[in-house]
Every structure is written in structure tokens, then in C-alpha cells.
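Visitor: One structure follows; several queries about it will come next.
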Amino acid sequence: PAGAQAKPVVWNLPTVAAPSYFHTVNYNALAARVKEKSGGRMEIRVHPASSLYPSAELIPAVLDGRTELGTVLASYLTDVLLEIGPLELPFMTGSVEEHKKAALQLRPFYTERFARQGLKLLSIHAWPSQQIFSTVPIRSVADWKGKKIRVYGADSANIARLLGAAPVNINFGEVYSALEKRTVDGAMTSATNAEPMKFFEVAKYLDYWYLAGAAMEWLVANQKAWDALPKDLQHVVLEALKETNLEEKEWQDAIAADERARKRLPELGMTVVDPPREEIEKARRIAQGAWDIWLQRTGADGKRALELALKALGR
Amino acid sequence: MSESALGGVLIGLMFVLFAAGVEVSIALGIVGMLGLLWLKGFTIGLGVVGSIAWSNASSFSFIAVPLFVFMSGILLHSGIGKGLYTAVARWVSFLPGGLAVASIFSCAIFAAISGSSVATAATIGLISIPEMERRGYARPLIFGSLAAGGTLGILIPPSIPMIIYGVMTETSIGHLYAAGIVPGVVLALLFAGFVIGYAVLWPDAAPRVAEDRGGVLDKLRSIYEVAPVALLIVVVLGSMYTGIVTPTEAAAVGSLVSLLLAAAFRRLTWRTLRDAFQATIRTTSMVMLIIIFASIFSHVIALIGAPKALFGLVVGLGLPRWAFFAALFAVLLVIAYALEELSVMIIILPILFPLVTGLGFDPIWFGIIMVLWLEIGLITPPVGLNLFVIQTLMPGTTARDITRGTTPYVVLMVALVALLFVFPELALWLPRHTAPR
Amino acid sequence: MIGRAAGVASLVAGFATLAIVLLISWDVTMRSFFDRPQLFVDEVASFLEVLVIFGGAAYTFRAGGHVRVDLITGLARPSARAWLRVATLTLGVAFLAVVIWVTTQSALTAYRYGRVSAVMLYPLWAPMLFIPAGLALMALTMLAALVWQVRTTLGARSARDEVTPPGDA
Ligand code: NA
Ligand code: NA
């Protein structure tokens with residue numbers, strides 16, 4: 001009886017995903033299962049759409065223990081944990097499936113790296129592939145030349161630059177009008193943004209260069225917070241992860257979202273551009289320069305990570 | 001202490017600190033910090049403060065605020081802005097309350113350049129307040145027309161809150177922009193109508209000055225005086241709508257053009273620059289400290305899960321559609337009177353949006369409702385950023401001036417919300433018919 | 001002395017505004033007319049913005065720019081108002097001291113993690129230090145106001161009221 005009266009343990013889970021996006025839906029399902037299994041003794045509060053922490057502050061927040069749970073998104077790997085992102089290097093993978101296969105093989109590596117930063121890896125997820133919206137088709141490497149392309153980070157800026165384009169830094173919120181008014185010729189972002197953000201209205205082309213086959217998102221817990229959690233509740237969380245089949249569901253949803261977006265684009269009046277295989281190969285060779293920059297920044301850890309990634313991909 | 005009790009105690013304490021005369025930003029910071037200490041302890045709890053301070057202060061969204069105030073400061077202190085006002089005063093001298101009406105329409109025009117209400121109120125206020133004061137306009141009339149007129153900045157596109165809403169809820173920012181235009185124009189007309197009516201009933205509140213009369217010749221001559229500012233507006237609007245600059249960058253270009261104009265008229269002195277600096281710093285520092293410390297308090301409210309509980313309660317009433325919306329807006333209105341809304345919107349939107357759209361309300365329409373709510377929040381005491389901006393420009397403003405000056409506009413905004421509920425097409429017609437393809 | 005420091009800091013904040021104007025205009029020009037966008041500008045501009053906000057905080061306090069609600073205090077007796085201001089200034093200085101401490105810690109953590117900006121990879125700890133630095137100056141300015149307020153409050157009965165220190169304090 002005393003236990004039943006106690007205040008429930010409240011954990012927070014901030015995420016970048018919008019309220020209706022599949023990540024949020026899945027995290028809410030996890031939270032509901034945890035609440036049910038613990039008989040209301042534990043509550044996970046999901047904070048979608050960067051409402052608790054702005055995106056770039058997410059990783060520091062979970063590292064410092066300011067949030068018990070957190071989502072580490074590959075796009076925000078600019079410093080700490082930089083070496084866990086070999087799969088996100090430009091043109092490393094060409095589809096969500098390929099990404100999945102390699103990512104799940106890298107689990108021991110991820111677990112070890114997170115543990116070194118005081119984080120406990122719970123589950124490995126992904127965002128759909130990164131492509132390019134553009135106002136003129138970009139079919140070949142030569143088409144990149146001189147285009148003003150909106151980028152979202154150092155790696156995407158490097159790809160653009162190496163391919164001869166001019167990278168532009170524009171807030172995600174201003175991308176729609178920048179495309180509409182031709183302030184930029186194109187923007188790198190997820191293909192699944194076409195419909196909800198109405199990018200199809202202002203950019204006629206979606207060029208499937210597969211800058212990244214997917215972008216990883218790791219669900220982690222702060223280790224100190226985890227250790228402070230009663231054993232039976234730790235068990236509840238782990239069981240809930242299994243019962244909701246969270247990891248597998250996340251990958252299936254990412255694959256489905258990617259396929260759905262691709263099928264939907266022509267219906268929205270967009271032209272899907274599939275650059276010839278040899279052009280993508282050419283771009284991949286040129287983009288190796290971006291890999292070198294990444295290797296310089298990550299040192300021995302990065303070298304090992306890249307070897308593991310290539311092995312997992314069977315290259 | 002239970003979580004809801006903690007929330008109540010903190011809000012109570014906030015009002016006590018306000019009443020004691022603690023700086024608004026510091027009072028918000030103190031209650032936010034106490035909440036964090038209670039919930040998370042010293043090391044972890046206070047780590048949040050550093051994170052929020054940095055991410056807000058370095059946010060590119062807010063950069064237009066200092067830039068537009070700077071632009072206005074250059075126009076004012078170089079004397080270029082005064083020429084504009086002399087001209088406008090002549091043209092509107094036939095209207096009762098002409099200058100206040102002109103201020104409202106200046107705000108509406110400037111709103112098409114600026115995405116921020118604070119910047120709009122500060123920019124237009126900086127130039128027009130001294131002129132209205134000189135002509136003996138009543139303080140509540142000056143105060144209200146600028147504080148409320150300034151709020152148009154976020155309803156008429158571009159709009160920073162619409163960008164935030166669009167990104168958070170995955171709705172089209174282009175559609176939100178289009179949806180804001182008609183309600184923005186309607187609201188500006190409602191405001192102007194109120195001012196004219198007020199000036200008819202109380203002519204002493206808006207005296208007519210002999211210098212503003214003048215014949216047709218004077219009116220024509222004053223076109224020359226307007227030319228520089230008209231040029232500025234054309235350049236900024238033109239560069240934005242042709243895509244040469246993004247809305248954020250437009251603020252910098254506007255500043256640069258005002259500097260060039262001042263130089264061309266040989267009025268770009270060290271004194272002009274210094275006075276413009278001071279105006280910029282005072283507005284920016286005051287407003288941003290409030291935004292930062294209010295965000296910390298909002299973070300606490302998010303941590304205790306207050307929004308979910310609150311809106312769950314409203315839904316639980318099982319009301320019919322119109323009554324649900326009325327109850328929801330009533331709750332929002334109470335929040336508007338208590339807190340700083342932009343940071344509150346960021347924490348409640350993920351809960352509110354699925355709930356409201358789930359009940360069949362249009363996402364774009366609801367975006368406009370949220371913006372109107374933010375506008376109300378900007379002019380409702382105790383924490384209304386536009387009130388503070390105008391207060392800084394009008395030293396000696398009393399609480400009575402503020403309440404009397406702005407309450408009618410709050411009523412008009414609530415009326416517009418009701419109107420939008422009955423005629424959603426007011427917002428939705430334009431995006432449906434003009435959006436590309 | 002503190003007044004002069006606040007003045008200098010405000011001047012730095014002013015020139016930071018001017019620098020943002022020139023940098024963004026430069027980026028726009030290079031992007032539109034020479035097809036050479038200046039990728040570094042956005043992040044540098046956002047760092048300068050921090051300088052505008054916090055570099056100007058102390059000056060804004062001296063100018064009475066950090067708004068307060070005077071509805072209740074305006075009705076109080078002058079001597080009560082004087083004591084109340086002693087209390088609120090003390091509270092303000094104490095609060096700022098804590099914020100200065102935690103924001104310094106944030107900057108140090110950023111240094112330890114090697115945190116950098118997203119696109120240009122600029123180290124973040126340096127611009128993060130603008131926050132505690134600006135607030136420290138604001139706290140000193142408040143402290144000077146507090147000393148003045150205490151002196152007035154303990155001084156001649158007729159002069160007891162809320163006061164602002166003279167310009168050179
Ligand atoms: Na606007
Ligand atoms: Na308010």
C-alpha cells in the first residue's frame with residue numbers, strides 16, 4: 001500500500017519529431033506501455049517538436065542528465081560523439097534498408113561509444129533518406145555546378161562544395177519561401193518533407209541522390225538516471241521496449257514513409273529525378289573529400305568506426 | 001508538494017515579485033529557477049538555465065529585432081523619419097485621430113516587412129510617439145494604437161511565430177502566411193475604426209494642430225519629404241518579395257539603406273549612430289532577457305506536465321464544438337494574462353495541435369488563431385512585450401494608461417477570433433486560391 | 001567606474017549591431033550578384049547577437065530599461081518603497097550571481113565537450129562566455145545601485161524613497 005501511494009517516477013523524452021510524425025507516435029506508445037506495465041508507478045513524458053530543448057541542445061541535455069531519456073539524431077552530431085556517425089557520411093548508403101542492415105550490426109560499437117559518454121543505448125532508429133529539392137533538375141554531377149543549395153550542417157556543406165555548388169545556410173523555417181522566391185536553387189532535407197511542409201508547391205524536382213540512405217536516431221538513457229531507477233522499473237522499461245517492438249517498428253515506419261513519399265510525389269505534381277548510377281558513383285568518389293575531413297576530425301576512433309561500417313556494408 | 005501545487009505556487013510567487021517591483025525578467029528567472037531546483041536539484045536543474053540562455057540568445061529568429069530597431073533609430077535620429085511624419089500628418093489631418101490612425105496603418109505596412117511584433121512596435125513607435133506627444137494626443141490613445149498596432153507584425157506575413165508553428169506542426173508556412181493577410185487587414189481596419197470613433201467622441205484626446213493643415217501645395221511638397229522613407233520601404237519589400245533576401249536578412253538590408261540615406265543627406269554623424277545604438281540596445285536587451293527567463297519558466301511548466309493536464313480537462317468536459325472552442329480560448333486568454341506566450345506556445349503546441357485538429361479544426365486556421373492569441377498576449381499585463389517596448393519609449397506611463405489604452409484592442413482581437421470561428425474562410429480562402437499550383 | 005564599464009560594453013554591443021548589418025549585407029550581395037554565398041555569416045551574426053543582448057544589459061539597467069511593474073510600489077509610502085527596493089535589488093543581485101555561475105559552467109562544459117557550431121564548426125565556449133560576462137557587469141551595476149539605495153534608506157528620513165544612483169556612481 002505504501003508503494004502504491006508513492007509519487008510516480010517521471011522521465012522526460014524530448015524529440016525533434018513533430019507531434020504526428022511516426023517517431024512521436026511510437027514513443028507515445030512506449031510511454032503508454034511503461035505506464036501500464038508499472039501500474040502507474042512510472043511515467044514517460046514525450047516532448048515532441050523540440051518543445052523541451054531546441055534541436056542542437058538535445059545531445060548536451062541527455063549527456064548532462066538534464067533529461068533522463070533522449071534521442072541522439074545523426075544530423076546534430078557536430079562535436080561530442082561525432083565518431084558514431086560513419087553511416088551518415090555522404091553516399092555511404094543508398095537506402096533505408098541498407099542503412100538498417102549496417103546499423104544493427106554496429107550495435108556493439110554504438111553501445112560502447114555511448115557508454116563511454118555515460119549513456120545507455122536502448123534502441124536504434126532512423127529518419128528517412130536525405131535528398132534534394134530543387135527548382136531545376138539536378139541529374140548529373142555537372143548540374144551541381146554553381147547551384148545555390150541550402151545545407152544543414154558541416155557535412156552537407158562539404159558535399160555541396162565538393163560537387164561545385166555554393167552552400168547556403170538558411171533556417172529550416174525559411175526554406176519554403178527561399179525555394180518559392182528562388183533565393184536558393186535547392187535544399188537538402190528529407191524527401192518526406194514534401195507533402196506536410198508543402199515543399200511540392202515551390203520546388204518542382206526531387207532529386208534522388210541519396211546523400212544519406214537514412215539518418216540515424218539513437219534512443220538513449222542517461223546512465224546515472226538509469227542506475228537510480230529501481231530494478232523492477234528498469235525491467236519494465238526493457239520489457240516495454242520489447243513488447244512494443246519499438247526498434248523494428250521504427251525501421252518499418254521509416255522505410256514505409258520513404259516509399260510513400262516517393263509514390264506520392266508525382267501525384268503532387270513533382271518530378272522525381274533519378275540520376276544515372278554512374279553519376280551517383282562519380283559523386284561518391286568526389287565526396288570522398290568529405291570523408292577525409294570527417295576522418296581528420298575523429299582520429300583513430302573515426303578510422304575504426306569507418307572500417308566497421310564498411311565491413312558491415314560488405315565493402 | 002504535488003506538481004500542480006508547485007505550478008500554482010510559482011505563478012503566485014511570480015505575481016508577488018512583480019508587485020514588489022522586481023524587474024520583470026528577473027522575477028520570471030527567479031520563479032523558473034526555483035521550479036528547476038525543486039524538480040531537478042542544483043547541478044542538473046540549473047544546467048537548464050545555461051542551455052536555454054544560449055539557445056535563445058543565439059537564435060537566428062530573433063536577430064531581426066535589434067536590426068529593425070537600429071534602422072528606425074537611424075531614421076529618427078538623422079531626422080529623416082520626421083519628414084515622413086510631417087507629411088503623413090498633413091494627409092490625414094482630415095481624419096479624427098488622424099495620427100493614431102496613421103500609426104496603425106504604418107504598423108500594418110511595416111508588418112509586411114517585419115516578422116516580429118516587438119520590432120514593429122519599436123520601429124514605428126520610436127518615430128511616431130514623439131510626434132503624437134508633441135501634438136497633445138492623450139497618452140492612452142498613443143499607447144494603445146502603437147502597442148496594438150505593433151502586434152500586426154506577426155499576423156501580416158512574414159511572421160516568426162508562423163514559422164515556429166509551421167515547423168512544429170508540419171504545416172505549410174506559405175499557407176499560414178497567405179491565411180494571415182485578410183485577418184491582418186481586417187484587424188487593422190477594426191483598430192483604425194476604433195480610434196476614429198474614440199476621437200469623435202473625445203475630440204480632446206486627439207487635438208488637431210494648425211501646422212498640420214496646409215493646402216494642396218503643402219501636401220504635394222510633402223511628397224518630397226516622404227521620398228527617402230518610401231524608397232527604403234520599396235527597397236526592403238522589393239528585395240524580399242523578389243527573393244534577393246530572406247525576411248531575416250531584410251532587416252539588415254533595411255538598416256544598411258537607412259545608413260546610406262542618412263549619409264546621403266549628410267546627417268550620419270557620430271551622435272546619430274550613438275543614439276541609434278542606445279535605442280537598439282535598450283529594446284533588445286530588455287526584450288530578450290524577458291524572453292530568455294520566461295522560457296526557463298515555461299520549461300518548468302513543460303516538465304510538470306501542466307499543459308496536458310489542463311487541456312485534458314477541457315476535452316474531458318465533452319462540450320459541443322463551439323463551446324469547446326470557447327472554453328479552450330478562455331483558458332488561453334487566462335494564460336495570456338499571466339505568462340509570456342511565445343515560449344508557452346512552444347511547449348503547449350505539441351499537445352494542443354493534435355487535440356484540436358483531431359476534433360476537425362483546420363490546421364492553418366488554428367495557426368491564425370494561435371497568432372491572434374499571441375497578439376493578445378503581447379498587450380495584456382503584467383507580461384506583455386509590446387507594453388514594455390512602448391513603455392520604454394514613453395517614460396512615465398502609468399498602469400492606468402496601459403490598461404485603458406489597450407483593453408479595447410484586446411476586445412477587438414477576441415471579436416476577430418469569434419468572427420474567424422464563424423467564418424473560417426476569412427483566413428482560409430486566400431491560401432486555397434493563391435497558393436502555388 | 002562601473003558606469004564607464006557599462007558604457008564601453010554598450011558601445012561594443014552597438015558596434016556588434018552594426019557588424020551584423022554589414023556582414024549580412026555582404027552575404028546578400030555576394031550571394032545575389034556574384035553567386036558566392038558567405039556561409040560563415042549566419043553563425044557569426046548569431047554570436048554577435050549574444051553580444052548585443054548581454055553587452056547591453058548593464059547599460060540598459062542603468063538607463064532604467066529593464067521594465068518593472070510599478071502598480072503596487074507606486075501606492076506605497078516612500079520609506080516602505082525605499083526598503084522594498086533594497087530587498088528587490090538584493091534579490092536581483094543574488095539571482096544574477098547564480099545565473100553567472102551556471103552560464104559560466106555551461107561555457108566550461110561546452111569547452112570540455114569541444115562543442116562547435118553546426119556548419120562552420122566554430123567553438124561555442126567563447127561566445128557563450130559573453131553571457132556571464134555581460135551579466136556580471138549588470139550585477140555590479142545593480143550592486144552599485146543597491147549600495148546607493150541602502151545609504152539613502154538609512155539616511156535622512158525626508159529623503160527616503162526609491163532612488164537611482166547619479167550618473168557617475
Ligand atoms: Na509581419
Ligand atoms: Na500577456
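Visitor: Residues B:A206, B:A148: which one is surrounded by 24 or more Cβ atoms within 10 Å (Cβ to Cβ), within 16 Å of ligand 2 (Cβ to nearest atom) and more than 14 Å from chain A (Cβ to nearest Cβ)? Spell out how you get there, then give the answer.
Guide: Values: B:A206 fails: within 16 Å of ligand 2 (Cβ to nearest atom).
It is B:A148.
Visitor: Checking the conditions here, which among B:G166, B:G180, B:G174 is within 14 Å of chain A (Cβ to nearest Cβ), within 16 Å of ligand 1 (Cβ to nearest atom) and in contact with a Lys or Arg (Cβ under 7 Å, 6 or more places away or on another chain)?
Guide: After applying the criteria, what remains is B:G174.
Visitor: The conditions are (1) at pLDDT 95 or above; (2) under 19 Å from C:I131 (Cα atoms), and C:W26 fails exactly one of them. Which is it?
Guide: Condition not satisfied by C:W26: (2).
Visitor: Output the qualifying pairs, or none if there are none: Cβ atoms under 9 angstrom, residues six or more apart or on different chains, first residue in the stretch B:97-113 and free of Cβ contacts under 8 Å to residues at least 24 places away in the same chain and at negative phi, second residue assigned to a loop (DSSP other than H, G, I, E, B) and surrounded by fewer than 24 Cβ atoms within 10 Å (Cβ to Cβ).
Guide: none
Visitor: Quick one: B:G136 ticks every box in (1) in contact with a helix residue (DSSP H, G or I) (Cβ under 8 Å, 6 or more places away or on another chain); (2) away from ligand 2 (no atom under 16 Å from the Cβ); (3) touching a residue at least 40 places away in the same chain (Cβ under 8 Å) except a single one, so which number is it?
Guide: If we test B:G136 against (1) in contact with a helix residue (DSSP H, G or I) (Cβ under 8 Å, 6 or more places away or on another chain); (2) away from ligand 2 (no atom under 16 Å from the Cβ); (3) touching a residue at least 40 places away in the same chain (Cβ under 8 Å), just (1) comes out false.
Visitor: For the structure I just gave you, tell me whether A:A261 is touching a residue at least 60 places away in the same chain (Cβ under 8 Å), among the small types (G, A, S) and within 29 Å of A:N158 (Cα to Cα).
Guide: Numbers: touching a residue at least 60 places away in the same chain (Cβ under 8 Å): yes; among the small types (G, A, S): yes; within 29 Å of A:N158 (Cα to Cα): yes.
It is true that A:A261 is touching a residue at least 60 places away in the same chain (Cβ under 8 Å), among the small types (G, A, S) and within 29 Å of A:N158 (Cα to Cα).
Visitor: Would you please name the residue that is surrounded by the most Cβ atoms within 10 Å (Cβ to Cβ), looking only at residues in the stretch B:41-60 that are more than 7 Å from every other protein chain (Cβ to nearest Cβ) and in a helix (DSSP H, G or I)?
Guide: Selected residue: B:I52.
Visitor: Here is a further query. Just checking, does the stretch B:380-402 include any residue being over 17 Å from C:R68 (Cβ atoms), assigned to a helix (DSSP H, G or I) and within 16 Å of ligand 2 (Cβ to nearest atom)?
Guide: No, every residue in the stretch B:380-402 fails to be over 17 Å from C:R68 (Cβ atoms), assigned to a helix (DSSP H, G or I) and within 16 Å of ligand 2 (Cβ to nearest atom).
Visitor: Here is a follow-up. Within the stretch B:329-343, can one find any residue that is closer than 30 Å to A:T183 by Cα and within 16 Å of ligand 2 (Cβ to nearest atom)?
Guide: Going through the stretch B:329-343, the residues closer than 30 Å to A:T183 by Cα turn out to be B:342-343.
Within this subset, residues satisfying the condition of being within 16 Å of ligand 2 (Cβ to nearest atom) are B:342-343.
The answer is yes; a qualifying residue exists.
Visitor: May I ask you to list pairs of residues, at least six apart or on different chains, whose Cβ atoms are under 7 Å apart, with the first in the stretch B:389-408 being crowded, with 19+ Cβ neighbours inside 10 Å and the second being in a loop (DSSP other than H, G, I, E, B) and not β-branched (V, I, T)?
Guide: Matching pairs, first to second residue: B:T392/C:G65; B:I402/B:P381.
Visitor: Inside the stretch C:73-169, counting only helices (runs of 4 or more DSSP H) that do not spill past its ends, which hold 2 or more residues that are over 30 Å from C:V12 (Cβ atoms), within 11 Å of chain B (Cβ to nearest Cβ) and not aliphatic (A, V, I, L, M)?
Guide: Working: elements: C:78-113, C:125-128, C:130-154.
In the stretch C:73-169, C:78-113 are the helices (runs of 4 or more DSSP H) which contain 2 or more residues that are over 30 Å from C:V12 (Cβ atoms), within 11 Å of chain B (Cβ to nearest Cβ) and not aliphatic (A, V, I, L, M).
Visitor: Scan the stretch B:324-349 for residues that are part of a helix (DSSP H, G or I), of a type outside the set (G, A, S) and under 21 Å from B:G32 (Cα atoms) and jot them down.
Guide: Kept after step one, since they are part of a helix (DSSP H, G or I), are these residues of the stretch B:324-349: B:324-338, B:341-349.
Okay, now just the ones that are also of a type outside the set (G, A, S), so B:324-325, B:328-329, B:331-335, B:337, B:341-342, B:344-349.
Selection gives B:L332, B:V334, B:I335, B:Y337, B:E341, B:L342, B:V344, B:M345, B:I346, B:I347, B:I348, B:L349.
Visitor: Just the residues that are within 7 Å of another protein chain (Cβ to nearest Cβ) and either in contact (Cβ under 8 Å) with a residue 40 or more places away in the chain or of a type in the set (K, R) (or both), please, taken from the stretch A:65-90. Step through it out loud before you land on a result.
Guide: Keep residues of the stretch A:65-90 that are within 7 Å of another protein chain (Cβ to nearest Cβ), which gives A:65-66, A:78-80.
Listed by number, the residues that qualify are A:G65, A:R66, A:T78.
Visitor: Restricting to the stretch C:18-44, and then to whatever is among the β-branched types (V, I, T) and more than 7 Å from chain B (Cβ to nearest Cβ), can you tell me which residue is surrounded by the fewest Cβ atoms within 10 Å (Cβ to Cβ)?
Guide: C:T29
Visitor: Still on this structure, please answer the following. Filter the stretch B:235-268 down to residues that are in a loop (DSSP other than H, G, I, E, B) and in contact (Cβ under 8 Å) with a residue 40 or more places away in the chain and give me whichever is farthest from the other protein chains (Cβ to nearest Cβ).
Guide: B:F265
Visitor: Something else: With the condition kept exactly as written, say whether any residue in the stretch A:246-263 is assigned to a loop (DSSP other than H, G, I, E, B) and surrounded by fewer than 18 Cβ atoms within 10 Å (Cβ to Cβ).
Guide: No.
Visitor: If only one of C:S106, C:S117 is buried (at least 18 other Cβ atoms within 10 Å of the Cβ), over 22 Å from the mean Cα position of the chain (by Cα) and closer than 21 Å to C:V52 by Cα, which one is it?
Guide: C:S117
Visitor: Answer yes if at least one residue in the stretch A:88-105 is surrounded by fewer than 21 Cβ atoms within 10 Å (Cβ to Cβ) and aromatic (F, W, Y), and no otherwise.
Guide: Looking through the stretch A:88-105, none of the residues is surrounded by fewer than 21 Cβ atoms within 10 Å (Cβ to Cβ) and aromatic (F, W, Y).
Visitor: Here is a further query. In the set B:V287, B:V236, B:V245, which member is closer than 20 Å to B:G377 by Cα, under 24 Å from the mean Cα position of the chain (by Cα) and surrounded by 17 or more Cβ atoms within 10 Å (Cβ to Cβ)?
Guide: Just one listed residue meets the conditions, B:V287.
Visitor: Now for a separate question. In this structure, does C:T90 turn out to be touching a Leu at 6+ places or on another chain (Cβ under 8 Å) and surrounded by fewer than 16 Cβ atoms within 10 Å (Cβ to Cβ)?
Guide: In short, yes.
Visitor: Taking the stretch B:360-375 as the region of interest, how many residues are closer than 14 Å to B:L342 by Cβ and among the acidic types (D, E)?
Guide: Number of matching residues: 1.
Visitor: Another question, then. Within the stretch B:376-388, track down each residue that is within 16 Å of ligand 1 (Cβ to nearest atom) and surrounded by fewer than 24 Cβ atoms within 10 Å (Cβ to Cβ).
Guide: Matches in the stretch B:376-388: none.
Visitor: Residues A:Y21, A:Y27: which one is modelled with pLDDT of 90 or more, surrounded by fewer than 21 Cβ atoms within 10 Å (Cβ to Cβ) and within 19 Å of A:L246 (Cα to Cα)? Write out each step before concluding.
Guide: Details: A:Y27 fails: surrounded by fewer than 21 Cβ atoms within 10 Å (Cβ to Cβ).
Exactly one of A:Y21, A:Y27 is modelled with pLDDT of 90 or more, surrounded by fewer than 21 Cβ atoms within 10 Å (Cβ to Cβ) and within 19 Å of A:L246 (Cα to Cα), namely A:Y21.
The values are calculated or read from the model by the stated rules, or taken from the named source; none is laboratory data. This one's a predicted model, so the numbers in the text were calculated from it and none came from an experiment. Every residue, glycine among them, receives a Cβ derived from its backbone with ideal geometry; neighbour counts consider all protein chains shown.
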